[in-house]
Each structure stands twice: as structure tokens, then as C-alpha cells.
Amino acid sequence: MYDRKEEAVVLTKDTHLAGYHGVGSLLEEGWTLRVPSSLNLDDPDTEIFVPEPFHPMALVSGQVQGREIIQKFYPNGTPFLIIFPDGTGNVFYPSGRIAILITSVTLGQNTYVVLDDSTESQILAVFDATGCGTCYFMDGKIRLNYDQQGGIELDLTGSRRRSWIWKDHETHVHAPPFQPIVFGMNYFLSVRVMSQENIALSLTGKKRSCRFNVGTKLKMVMPENYLDKFNEYQLYIDEHKLHIQSLMIKVNNLLKFPKSPKLDSMLPPVSLTSKQFKVNQKRQQLNSLSPRNKEKRITKQHRLPPLDQTSVIVN
């Protein structure tokens with residue numbers, strides 16, 4: 001729809017533009033996605049998660065080749081946005097500098113690089129197709145980082161503001177999936193993190209706006225490795241946390257009753273005993289896993305986090 005004040009276009013699957021609605025829509029249409037046969041499940045470096053692929057039938061059917069290049073301009077005629085048929089492209093600031101650079105190695109799995117509106121073009125954020133992403137403050141410090149399992153938000157001093165696990169719907173935190181995280185990267189750009197599949201990257205300026213969903217839809221192909229890795233790391237933290245709490249209680253008792261003969265026999269609080277019991281149970285469960293899984297160590301690290309891309313709204 002067009003008018004004199006504002007130009008708006010919605011880029012969705014129905015417009016036959018690059019797979020902007022993601023492979024989730026392909027699943028709804030009945031496609032069956034399978035793990036590549038070359039995946040070696042015995043390799044310690046095997047990925048726990050894989051992004052859902054853009055189905056090759058989209059190429060065969062001509063759904064990609066038939067798409068047209070999308071070009072939009074600011075009211076003064078300078079470029080605002082250009083999107084190519086494969087989903088790659090650029091979004092520009094009113095100044096003409098690149099704001100969002102969209103690249104792709106595999107069809108339908110894009111990487112978004114967000115740049116500042118300056119001559120240095122400082123990187124403000126990077127989102128990739130494997131479920132990882134990082135946002136930075138203007139001084140280059142990390143502001144938000146997430147991977148395939150969860151994420152963390154930091155303040156300017158580097159202290160943790162909040163952290164979360166994507167699939168944890170039991171522990172209530174002021175972060176996804178219970179509460180979205182919203183912040184502006186500069187005057188034009190903003191990010192809204194609602195879930196692993198729904199992360200909105202928006203640019204608004206001079207009667208034009210666009211929004212990209214840089215979230216990722218992942219498929220777990222090695223659940224046993226995920227459970228081992230997550231449980232072992234979390235259990236390590238819980239055990240040391242309880243150990244520190246126990247030491248603090250002993251120090252407190254020593255300060256209160258320095259000459260008490262029963263100091264060594266004082267029992268810890270019931271709450272601490274209950275936590276210790278639960279942690280011991282988790283340790284037993286982890287130790288009871290098959291030796292093959294326990295010997296595996298996931299050492300492969302992603303430089304930056306990944307995302308499923310798709311769904312774009314341009315105004």
C-alpha cells in the first residue's frame with residue numbers, strides 16, 4: 001500500500017520473496033527435514049543442534065529464481081533497502097552508510113552484521129543462522145550474548161543483568177522466555193528478544209522502517225550430549241555455590257559462638273541441607289549415564305551465535 005506520507009510493504013512467504021518466513025512454514029506444508037547422512041554421531045565435535053535447512057525443492061520449483069530484487073528509498077531518494085532473491089542484501093542509514101549487512105553461505109541461512117552510523121562502521125551486533133548472536137555497546141563491550149542453549153545480558157561495567165535458558169519454562173526469570181529484552185543500539189536501530197525463534201532487529205528513520213526476524217529454529221540431533229554438557233556445567237556451579245554457602249555459615253557460627261564446645265556439631269539450615277540433597281541426586285544421575293556419553297567432550301565452539309532468519313517487514 002502506498003500513500004504520500006509513508007510507503008509500506010510486507011515481505012512474507014506469500015510475496016514470493018527470499019525465504020523470509022523461514023523453514024518453519026515448510027514444515028507446516030508437510031516437508032520432512034532429515035539430518036544429513038554424513039553426520040558422524042560418534043565424533044566428539046558433532047553439533048548438538050543444527051539449523052533447519054532451506055529445502056532444496058525451493059530451488060527446483062523456481063521459488064527462489066522467480067523472486068525479484070526489492071529496492072526501497074528514503075523520501076529524498078537515497079537508498080533505504082535492497083534485498084536480493086536469495087535473501088541477502090543491505091539496509092542503509094539516512095546518511096547512506098550501511099546499517100545492516102545480510103550475507104549467506106547456505107541458502108535460507110543468513111548472517112546479519114549490524115554497523116554503526118559512523119565513518120569507522122563499528123560493529124554493533126552479529127546474528128548468524130546457527131542460533132548464536134552478540135550485541136555490543138558503543139564502546140565495544142559485549143551487551144548481550146546468546147547461543148543455542150541460553151543467553152546473558154550485561155551492563156556497561158560487565159556485570160550480569162540477567163541470564164536465561166531458552167527451553168527452561170519452569171524457572172521464572174525476567175528474561176526470555178517469560179519477559180522480552182528490548183533495547184536500542186543507536187538512534188535508528190533496536191533489538192527485541194522474545195524467544196529463540198523470535199528475535200526482532202528493527203531500523204526506523206525518515207518515514208521508513210524495516211524489521212527482520214533474526215531468531216533461529218533449531219533441531220536437536222544429539223540430545224544426550226546436550227544433557228551431559230548442560231547438567232555437568234550447571235551441577236559444577238551448584239556444588240561450588242553450596243560449598244561457599246556452607247563455609248559462610250560456619251564462619252558466621254564461629255563469629256557468633258567463638259567459645260561454644262558444640263561449634264563443630266552445629267547442623268546447617270534445613271534449606272541448605274535440602275539443596276545439598278538435590279545436588280547429590282543430580283550428581284548420581286549424571287554419573288549413571290553410559291560411559292560412552294560421559295567420555296564425550298564437546299569442544300567445538302562457535303565464534304558467534306546463530307539464528308534462523310526470515311520474516312521481514314519493511315515500511
Just a yes or no: is a residue in region 232-250 under 20 Å from the mean Cα position of the chain (by Cα), modelled with pLDDT of 65 or more and not acidic (D, E)?
yes
Of everything in region 91-110, what is surrounded by fewer than 23 Cβ atoms within 10 Å (Cβ to Cβ) and among the hydroxyl-bearing types (S, T, Y)? Give them in sequence order.
S95, T103, S104, T106
Just name the residue that is farthest from G96 (Cα to Cα) out of those in region 148-161 that are within 14 Å of the chain's Cα centre (by Cα) and of a type outside the set (G, A, S).
Q149
Please go through region 177-224 and give me each residue that is in a strand (DSSP E or B), more than 12 Å from the chain's Cα centre (by Cα) and of a type in the set (K, R), ordered by number.
R208, R211, K219
Is one or more of the residues making up region 111-125 assigned to a strand (DSSP E or B) and within 12 Å of Q196 (Cα to Cα)?
no
K207: out of contact with any Phe, Trp or Tyr (no Cβ under 6 Å at 6 or more places or on another chain) and touching a residue at least 24 places away in the same chain (Cβ under 8 Å), yes or no?
yes
Subset tally (residues that are at pLDDT 90 or above, in a loop (DSSP other than H, G, I, E, B) and surrounded by 14 or more Cβ atoms within 10 Å (Cβ to Cβ)) for region 127-146
3
Applying the selection to region 187-197, what residues are crowded, with 17+ Cβ neighbours inside 10 Å and either touching a His at 6+ places or on another chain (Cβ under 7 Å) or under 30 Å from S95 (Cβ atoms) (or both)?
F188, L189, V191, V193
Among L156, L124, which is the only one that is crowded, with 21+ Cβ neighbours inside 10 Å, among the aliphatic types (A, V, I, L, M) and closer than 17 Å to G184 by Cβ?
L124
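The values are calculated or read from the model by the stated rules, or taken from the named source; none is laboratory data. Worth saying up front: this structure is predicted, and the values here are computed from it rather than measured. Methodologically, a virtual Cβ is constructed for each residue, glycine included, from the backbone with ideal geometry; neighbour enumeration extends over all protein chains shown.
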